[in-house]
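What follows is calculated from the coordinates using simple rules that are stated; it is not laboratory data. All values derive from a computational prediction rather than experimental measurement. Backbone-built Cβ (ideal geometry, glycine too); neighbour counts: all protein chains shown.
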Amino acid sequence: MNIVIAPDSFKGSLSALGVGRALEKGIKRAIPESVTKIIPMADGGEGTMDCLIEATGGRFVGAQVQGPLGRPIESGFGLLGDGETCVIEMAMSSGLYLIGRHERNPLRTTTYGFGQLIRTALDEGCRNFILALGGSATNDGGAGMLQALGVELLDEAGQPLGYGGGELARLAAIRKDGLDPRLAESRFTVACDVDNPLVGPHGASAVFGPQKGATPEMVAELDRCLRRFADLTERETGVAIHDLPGAGAAGGLSGGIVAYLNGELESGVAIVGRTAGLEEAVRTADLVITGEGQVDFQTARGKTPWGVTRTAQAHGVPVIVVAGSVGTGIEALYEHGVTAVFSIVNRPMTLEEAMEKTEPLLEAAAEQLIRIVQLRA
């Protein structure tokens with residue numbers, strides 16, 4: 001039996017590669033002669049860089065940048081095996097996990113460090129960029145990124161703005177003449193798995209602002225700031241991002257990338273699958289096993305198991321999903337082609353215990369499900 005193992009990470013427990021290896025051990029117990037191929041996956045959030053480095057034989061490039069509140073932090077990006085493609089996880093420079101809960105304030109947080117990473121990657125010779133936008137602490141429309149890349153954001157007196165989403169309230173003019181010329185030679189693909197516009201009741205501020213520390217009053221202020229930014233951006237670039245689906249990702253960073261870097265929005269899991277060679281592997285497979293830590297109604301909205309299943313379904317290959325926890329609404333996955341969903345938890349246990357024992361639980365679950373598959377073969 002030819003089995004492709006293409007899981008996401010089980011966050012807090014095992015990387016995607018670690019999950020794949022555990023599943024492979026269980027499969028080999030049941031069918032020692034099986035042919036297996038592990039393809040670590042991600043959906044554009046945490047772990048995307050590691051998956052693509054692993055898949056392409058790339059390496060990590062370290063860099064010191066400004067964090068979301070301007071403090072220097074150690075960060076970096078993945079330089080992929082072709083030597084000119086890089087993957088940047090914005091959370092590594094402007095992520096929520098980099099600041100304390102008491103420091104969360106999207107009026108102040110900035111994407112400047114993300115722009116510094118892009119500039120450093122340009123210095124390394126990169127001209128093809130994969131940008132993963134999950135885990136943002138910011139709501140500045142990518143203003144900080146643009147400042148790091150040479151764009152001038154000016155107030156009524158012609159003075160440069162400071163950093164943070166709140167500064168956009170004073171924005172009077174945008175000058176992009178100083179934009180790094182190497183950007184025009186580059187391609188930017190944005191891993192974007194939300195369809196929220198930049199502004200309005202379903203926009204970046206209203207939907208994602210509260211989890212970044214925004215009060216209702218701050219949400220209203222941030223939305224006004226982003227609308228001002230979008231108005232002046234359209235005047236400067238001719239690109240309207242106010243209502244663009246996906247422009248609200250990462251506090252509007254996605255919209256800024258589209259308008260100023262000619263970015264293209266794409267499903268994160270599709271980007272990872274294409275770069276890692278998922279479709280090529282699936283073509284000759286008898287079975288695909290995928291999974292992630294939590295599977296529920298949200299999984300069918302662009303998460304890794306959904307994306308892997310779409311690829312497998314195109315080639316008529318059955319898919320089994322394994323999960324640490326199975327929530328409500330998984331029926332939607334069956335409608336998208338999933339054959340079955342299994343939880344790895346095999347007896348009553350706490351979340352902490354399940355996370356500590358993820359590896360042996362994955363091995364046991366894989367052995368049992370493959371024995372069932374073998375019985376039906």
With +1 at each Lys and Arg Cβ and -1 at each Asp and Glu Cβ, the charge dipole magnitude of the chain around its Cα centre, to the nearest 20 debye, comes out at 460
Of all DSSP beta bridges with both partners in region 48-266, the antiparallel percent, nearest 5, is 55
Of E266, E217, E167, the most mobile residue in a GNM of the chain (C-alpha springs, cutoff 10 Å) is E217
Computed ³J(HN,Hα) along region 86-101: with the Karplus parameters 6.51/-1.76/1.60, θ = phi - 60°, integer Hz and x for glycine or proline, the list is 10, 10, 10, 8, 4, 4, 6, 10, 9, x, 5, 5, 7, 10, x, 4
Listed residues V345, V87, V308; largest mean-square fluctuation, Gaussian network over the chain with Cα springs below 10 Å, found at V345
Non-local residues with an amide H under 5 Å from the amide H of S136, with H modelled 1.01 Å from N and Pro and chain starts lacking one, are L96
Counting only DSSP beta bridges with both partners in the chain, the antiparallel fraction in percent, to the nearest 5, comes to 35
Taking Cα atoms only, helix 112-123 is inclined relative to the longest principal axis of the chain by an angle, in degrees rounded to 10, of 80
For region 141-219, whose charge dipole is built from +1 on Lys and Arg Cβ atoms and -1 on Asp and Glu Cβ atoms, the candidate among S186, G158, V199 with its Cα farthest towards the positive end is S186
Cross-link reach from K176 to aspartates and glutamates, straight Cα distance under 19 Å and at least 8 residues apart if same chain, gives D140, E152, D155, E156, E167, E185, D231, E234, E236
Computed over the chain: longest principal axis from alpha-carbon atoms vs helix 16-30 long axis, angle to nearest 10 degrees, is 10
If R0 = 25 Å, then A240 and R182, at their Cβ-Cβ distance, give a FRET efficiency to the nearest 0.05 of 0.45
If amide H atoms are modeled at 1.01 Å from N in the peptide plane, then the residues at a separation of 5 or more from L244, or on another chain, having amide H under 5 Å from its own are L198
Listed residues T290, T138, T120; largest mean-square fluctuation, Gaussian network over the chain with Cα springs below 10 Å, found at T120
Spelling it out for G293: with amide H atoms placed in the peptide plane at 1.01 Å from N, the residues 5 or more places away or on another chain with amide H under 5 Å from its amide H are K11, G324
Relative to the chain, whose Cα atoms define the longest principal axis, helix 304-313 and its Cα axis are tilted in degrees, nearest 10, by 60
Residue-normalised 222 nm signal for the chain, counting each DSSP H run of n ≥ 4 as -39,500 (n - 2.57), nearest 500 deg cm²/dmol, is -10500 deg cm²/dmol
Quick note, region 171-266: a/c under 1.5 would make it rounded; otherwise a/b > b/c is prolate and the rest oblate (a ≥ b ≥ c, C-alpha gyration tensor); here it is oblate
Partner lysines whose C-alpha sits under 28 Å from that of K357, ignoring same-chain residues fewer than 8 away, are K11, K25, K28, K37, K303
Most exposed first, judged by fewest Cβ atoms within 10 angstrom, M218, M41 run M218, M41
Sorted by number, the cysteines in the chain with no other cysteine beta-carbon under 4.7 Å are C51, C192, C225
Restricting to Cα pairs under 8 Å and 6 or more apart, the percent relative contact order of the chain works out to 19
